[in-house]
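Colleague: Encoded as structure tokens, here's the structure I'll be asking about.
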Amino acid sequence: MNTKEYIQKLGAELREHNYNYYVLDNPTISDYDFDIKLKELQALEEKYPEFQDANSPTLRVGGAVTKNFKTVVHEHRMYSLDNSYSLEDLQDWETRIKKMVDGEIQYTCELKYDGASISLTYENGNLLRAVTRGDGMQGDEVTANIKTIKSVPLQLKGDYPPKFDIRGEIVLPFDGFNKMNEERLDIGEEPYRNPRNTASGSLKLQDSAEVAKRPLECLLYNITGNNLGIATQMESLAKARQMGFKVPEAAKLASSIDEVLEFVNYWDVERHNLPYETDGVVVKVNSLFQQEELGYTAKAPRWAMAYKFKAEQVSTRLNSISYQVGRTGAITPVANLEPVELAGTTVKRASLHNSDQIEKLDVRVGDEVFVEKGGEIIPKIIAVDLSSRPENSEPTKYITHCPECNTLLERLEGEAKHFCPNFNGCNPQIIGRIQHYISRKAMDIEGLGGETVALLVNAGLISNYSDLYTLTKEQLMPLERMAEKSAENLINGVEASKQIPFESVLFALGIRYVGETVAKKLAKHYKSIDAIAKATQEELVNVDEIGVKIAESVILFFASEANRATIEKLKQFGVQLEVSAEKLANQTNKLENKIFVVSGVFETVSRTELKKLIEDNGGKVSSSISAKTSFVIAGDKMGPSKKEKAEKLGVALISEQEFLQMIT
Ligand code: AMP
Ligand code: ZN
């Protein structure tokens, strides 16, 4: 086999693995082996760029940057859908269309995925172009971004028409969405509001490598084109599956509107068990011939109808609005409601997001408001019942001063939120920063919890995290609920945190945008806090994965005299502000690209040590077993369900000894 053929073979193999993993959810190779093959292909393509396929699996990692998205006119218009909300609506629709076509009508019922619509064009089996819906007539070309979504085939399988468009929805499953939000919170950023907006925002990111990091999926529902050799919508879905697209299996054929309603009622409940958001059912006339006869209105096909699930909604009274101050000083208005049952839980509060939102809703204390629970975790107010508004009601005046420290609030250009600039004198900001400092992923201080931090700050014992190291038993004992034992535990916990490695300390400092991963990168590159403090913005931006926003934030942090003084104190107390010499000496790349899960109890090393060894040798530690896991290090008393999962996914179980051999 010559090099060109070998590159092709490797590409085909990787494509098949991507398909098994992302479309069928059934991987047949470990992630580690996959990565090795991908790396091999990357290296070959670099050496022989003339043999690189335009749709090579190596393009999945992204890298292409689009400054301005090109506008593309859709060859077949992307219509919207008419909505229905009841059995009567559906029956009316049936009556209308029965007058326009001959013969029996069958319907396909599909779920209505709630994401961003996309149109993909394939030519000779290759993905040519991906375009957003835009206004339906024309959209933005986002091909480079779409190529990073692993369930979108870059090259088709089996028999395919020479040229066609296929339509689908880009969704962000809940799991991935929640994970992204956890990371946002870690760096002091506002969480994303819901999966749909996040999915559609992702399509328009300029850097495709950023898109590649987001766990987006593409679910397909319609093939359009000429001479496709398909007679029905059901066949169209089956055909799409055969060509390698991800088409959910829920779709069903119904021979009457009653059967359609059965489908709707089933999924109205069952949808809560789906991994992604749906907001209804789409009913389509199954025969493409009948579809053609029915045609389109100015806005939507006559042959399709969306049936919207009722969002779970209640009305209740708005008792008051309070304002929370976050660790970064951002103000969030919160609606305090008359408690009410909604989707199985008692709701007492709802988010109001910011002053614009309050103005937009014109929501006022005393109003009856409609509350809804959608994909968001926190319920939201969607409207006010104006008919029951008290006559003497006054528009809500947004606060001008911090509710905690009375400082005049600021609002930066381009930001939706007001914030309190009294960084070092505003209690919730002080408390929030210290709580972040002691948290598990940061300094992991045992014997000290978030509430105690608030207690200590309010008692005037500490006002920044460096003060933790000055606490004495005598100071702590008089505090409420502080027994001698807990005081000792707290002091021991603080003492032990002096051993926490530099990269975690850097994360603990709470520099905006410096999350766990960024902290690791910076620590690895600069090796000490002094070097980071001295770095210029240009230098910072040159570090792998450090963007302008992060660089600016780092510069801003060290520009503050108060911050520099705090760091100086931490240094004097013996907190690790540089990578230890021992660590430098022990670091290798032996475990690069390998992901480990540590489970059970071990004989010679502790779990924490094991994790450290993994990371020092370039590996990654993950908390749960997935197909991405390379090895599970199994200790004594490992849970049977974990074992089963590892076996099912074909992840290798290794002993502590076997692991230690890997790094010696
Ligand atoms: P709307 O935006 O409410 O007018 O609804 C139309 C949109 O529903 C389309 O643009 C699609 O993006 C989306 N949609 C989601 N699932 C489906 C499906 N199974 N069939 C057709 N359209 C769907
Ligand atoms: Zn304040």
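Where a number appears in this text, it was derived from the coordinates with a stated rule and is not lab data. Given the structure is predicted, the values throughout are model-derived calculations rather than measurements. FYI the Cβ positions are ideal-geometry reconstructions off the backbone, even for glycines, and counts take in every protein chain you see.
Colleague: Specify which residue in the list 525, 560, 535 is farthest towards the positive end of the charge dipole of region 502-584, using unit charges on the beta carbon of Lys, Arg (+1) and Asp, Glu (-1), about the Cα centre.
Modeller: It is 560.
Colleague: Let a ≥ b ≥ c be the square roots of the eigenvalues of the Cα gyration tensor of region 312-388; is it rounded (a/c under 1.5), or, if not, prolate (a/b larger than b/c) or oblate?
Modeller: Details: a/c = 1.76, a/b = 1.26, b/c = 1.40.
Judged from the Cα gyration tensor, region 312-388 comes out oblate (a/c at least 1.5, b/c at or above a/b).
Colleague: Can you list the DSSP H helices in the chain whose Cα atoms extend at least 27 Å along the helix axis and whose mean Kyte-Doolittle hydropathy is 0.0 or higher? Mind showing how you got there, number by number?
Modeller: Working: long enough: none.
The answer is none, since no helix passes both cut-offs.
Colleague: Regarding the chain, what are the three Cα extents along the principal axes, ordered largest first, in Å?
Modeller: So the three principal-axis extents are 90, 84, 50 Å.
Colleague: Still on this structure, I have one more. Quick check for me: using +1 on Lys/Arg Cβ and -1 on Asp/Glu Cβ, what's the dipole size of region 73-308 about its Cα centre, in debye to the nearest 20? Before the final figure, lay out the partial values.
Modeller: Values: 28 positive and 37 negative charges, 128 e Å.
That gives region 73-308 a dipole magnitude of about 620 debye.
Colleague: How would region 73-308 be classified by its alpha-carbon gyration tensor: rounded, prolate or oblate, with rounded meaning a/c under 1.5 and the a/b versus b/c comparison settling the rest? Let's see the in-between values first.
Modeller: Values: a/c = 1.97, a/b = 1.36, b/c = 1.45.
It comes out oblate by the Cα gyration axes.
Colleague: Of 637, 179, 163, how do they rank once you tally other Cβ atoms within 10 Å and put the fewest first? Walk me through the numbers before you get to the answer.
Modeller: Details: 637 8, 179 12, 163 16.
Ascending Cβ contact count within 10 Å gives the list 637, 179, 163.
Colleague: Calculate how many DSSP beta bridges within region 595-662 are antiparallel, expressed in % of all such bridges and rounded to the nearest 5. Don't skip to the end; give the middle numbers.
Modeller: On the way: 1 of 10 bridges.
Bridges in region 595-662 are about 10 percent antiparallel.
Colleague: Could you give the spread of the C-alpha atoms of region 427-499 along their three principal axes, from largest to smallest, in whole angstroms?
Modeller: Its Cα atoms span 28, 27, 18 Å along the three principal axes.
Colleague: Going by the alpha-carbon gyration tensor, a ≥ b ≥ c the square roots of its eigenvalues, is region 595-662 rounded (a/c under 1.5) or, if a/c is not under 1.5, prolate (a/b greater than b/c) versus oblate?
Modeller: Numbers: a/c = 1.81, a/b = 1.28, b/c = 1.41.
Because a/c hits 1.5 or more and a/b fails to exceed b/c, region 595-662 counts as oblate.
Colleague: For region 313-357, go through all pairs of different Cα atoms, get the mean of 1/r, take its inverse, and jot down that Kirkwood value in Å. Please list the in-between numbers first.
Modeller: Numbers: mean 1/r = 0.0873 Å⁻¹.
Roughly 11.5 Å, rounded to one decimal.
Colleague: Only four residue types carry charge here, +1 at the Cβ of Lys and Arg and -1 at the Cβ of Asp and Glu. Report the dipole size of the chain about the Cα centre in Debye, rounded to the nearest 20. Walk me through the numbers on the way to the answer.
Modeller: Values: 80 positive and 97 negative charges, 171 e Å.
The calculation lands at about 820 debye.
Colleague: Could you work out Rg/(2.2 N^0.38 Å) for region 1-158, with Rg from alpha carbons only?
Modeller: 1.39
Colleague: Average the reciprocal distances over every distinct pair of alpha-carbons in region 166-233, invert the result, and give the Kirkwood radius in Å. Provide the component values of the computation, followed by the final result.
Modeller: Working: mean 1/r = 0.0720 Å⁻¹.
When all Cα pairs of region 166-233 are included, the Kirkwood radius is 13.9 Å.
Colleague: So for region 537-605, what percent of the C-alpha to C-alpha distances run longer than 16 Å?
Modeller: Details: 1716 of 2346 pairs.
Of the Cα pairs, 73 percent sit more than 16 Å apart.
Colleague: So, one more: Treating only the Cβ atoms of Lys and Arg (+1) and Asp and Glu (-1) as charged, compute the dipole magnitude of region 411-497 about its Cα centre; round to the nearest 20 debye.
Modeller: On the way: 8 positive and 11 negative charges, 52 e Å.
I would put it at about 240 debye.
Colleague: Continuing with this model, one more query. For region 502-584, compute the orientation-averaged projected area of the C-alpha convex hull (one quarter of its surface), in nm².
Modeller: Details: hull surface 19.8 nm².
Averaging across all directions leaves 4.9 nm² for the Cα convex hull.
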